[in-house]
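Participant: Right, I'll just put the structure down here and ask away after.
The values are calculated or read from the model by the stated rules, or taken from the named source; none is laboratory data. Since this is a predicted model, take the numbers as computed values, not measurements. Cβ sites come from the backbone with ideal geometry, for glycine too, and all protein chains shown count toward neighbours. Surface accessibility is based on the protein's heavy atoms, side chains included, excluding ligands, DNA and RNA. Shrake-Rupley method; radii C 1.70, N 1.55, O 1.52, S 1.80 Å.
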Amino acid sequence: MSATSERLRPPRPYRVGEVPPGGRTETFVLRLTGVLPYVYEQAWQAVLEPTALCRTVFRRLPDGGMRRTLRPAAPFRLQVADWRATRAEVQDARLEERLAEERARGLPLDRAPLVRATLIRRDDRTWTFAWRYARPVLDRRAGLRLMADAADAYRRLLRGAR
């Protein structure tokens, strides 16, 4: 597993009660074996649904500031890509390029959920999971805890739990 952070500088100081747009983002990249994408997405949805991360958006104020608000619900969607037809070294380069593009583009803070996840099939058994979220909503320790909770939820779903 690897993790990267990036700092997005706010354009001006913020008043009390406001949250800067973007702030920091966190990206985790995991190598997984034998994943069932639909079940993995269900596990993440079950873990993220009760958290503010899935429902938080930032709204622009008339004076240009940002305010954090919560939506009633926002579904988590896992992007799935199949790179099996590509050589391993090309896959690694594509992954680095994709992560760099995502960092440069940033997260759209006005659309929930403030998380993006991609599951990339590398070969018949190996997958790469890239998960990115906004740090104003969740810190690194909580992000690691959510990853562990998602792994537990995935195991429970595989055993037939709801």
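Participant: Using r as the Cβ-Cβ distance of Arg105 and Arg156, and R0 as 30 Å, what FRET efficiency do you calculate, to the nearest 0.05?
Facilitator: Numbers: r = 34 Å, r/R0 = 1.13.
FRET efficiency, Arg105 to Arg156: 0.30.
Participant: At a 1.4 Å probe radius, carbon and sulfur cover how many percent of the accessible area of region 41-162?
Facilitator: Values: 3260 of 6840 Å².
On region 41-162, the fraction of accessible area on carbon and sulfur atoms equals 48 percent.
Participant: Can you find, among Thr27, Gln79, Tyr133, the residue sitting farthest towards the positive end of the charge dipole of the chain, where Lys and Arg contribute +1 and Asp and Glu -1 at Cβ?
Facilitator: Working it through, the farthest residue towards the positive pole turns out to be Tyr133.
Participant: Let me ask something additional. Give me the compactness ratio for region 66-162, meaning the Cα radius of gyration over 2.2 N^0.38 Å.
Facilitator: Working: Rg = 15.6 Å, N = 97, 2.2 N^0.38 = 12.5 Å.
Normalised by 2.2 N^0.38 Å, the Cα Rg of region 66-162 equals 1.25.
Participant: Roughly how big is the chain's charge dipole about its Cα centre, with Cβ charges of +1 (Lys, Arg) and -1 (Asp, Glu), in debye to the nearest 20?
Facilitator: On the way: 33 positive and 19 negative charges, 95 e Å.
Roughly 460 debye for the chain.
Participant: Right, another one. Accessible area per residue, 1.4 Å probe, Å², for the chain: what's the number?
Facilitator: Working: 9250 Å² over 162 residues.
About 57 Å² of surface per residue is accessible.
Participant: Any idea what log10 I(q)/I(0) is at q = 0.19, 0.22, 0.25 Å⁻¹ for region 56-104, Debye with uniform C-alpha scatterers and no solvent?
Facilitator: -0.80, -0.89, -0.98
Participant: If you don't mind, there's one more thing I want to ask. Using a Förster radius of 35 Å, what is the FRET efficiency between Thr33 and Arg59 based on their Cβ-Cβ separation? Nearest 0.05, please. Walk me through the numbers on the way to the answer.
Facilitator: On the way: r = 41 Å, r/R0 = 1.18.
Using R0 = 35 Å, I get an efficiency of 0.30.
Participant: Once both axes come from the Cα atoms, what is the angle between helix 88-105 and the longest principal axis of the chain, in degrees from 0 to 90, rounded to 10?
Facilitator: Tilt relative to the chain: about 10 degrees.
Participant: I've got another one for you. How do 149-158, 78-87 rank on mean C-beta neighbours within 10 Å, highest first? Let's see the in-between values first.
Facilitator: Details: 149-158: 15.9, 78-87: 13.0.
The most tightly packed comes first, giving 149-158, 78-87.
Participant: Further, regarding this structure: Could you compute the net charge surrounding Arg94? Neighbours are other residues with a C-beta less than 13 Å from the C-beta of Arg94; K and R count +1, D and E count -1. Display every interim value, and only then the final one.
Facilitator: Details: positive: Arg84, Arg87, Arg98, Arg121, Arg122; negative: Asp82, Glu89, Asp92, Glu96, Glu97, Glu101, Glu102.
Taking every other residue near Arg94 into account, the sum is -2.
Participant: Can you pull the three principal axis extents for the Cα set of the chain, in Å, largest first?
Facilitator: Extents along the principal axes: 52, 38, 23 Å.
Participant: With a 10 Å cut-off between alpha carbons and a GNM built on the chain, which of Val39, Val29, Val57 moves the most?
Facilitator: Val39
Participant: Shape call for region 23-88 from the C-alpha gyration tensor, a ≥ b ≥ c root eigenvalues: rounded (a/c under 1.5), prolate (a/b greater than b/c) or oblate? Spell out each step's value before the answer.
Facilitator: Values: a/c = 3.12, a/b = 1.91, b/c = 1.64.
It is prolate, given that a/c is not under 1.5 and a/b is the larger ratio.
Participant: Helix 140-158 against the longest principal axis of the chain: what's the angle in degrees, Cα atoms only, rounded to the nearest 10?
Facilitator: So the inclination is approximately 40 degrees.
Participant: Pairs of alpha-carbon atoms within less than 8 angstrom and 6+ residues apart define the contacts here; what relative contact order does region 34-116 have, in percent?
Facilitator: Working: 80 pairs, mean separation 31.1, N = 83.
Answer for region 34-116 is 37 percent.
Participant: By per-residue mean of other Cβ atoms within 10 Å, what is the highest-first order of 113-121, 61-69, 44-52?
Facilitator: Values: 113-121: 21.8, 61-69: 12.9, 44-52: 18.0.
Put in order of decreasing packing, that is 113-121, 44-52, 61-69.
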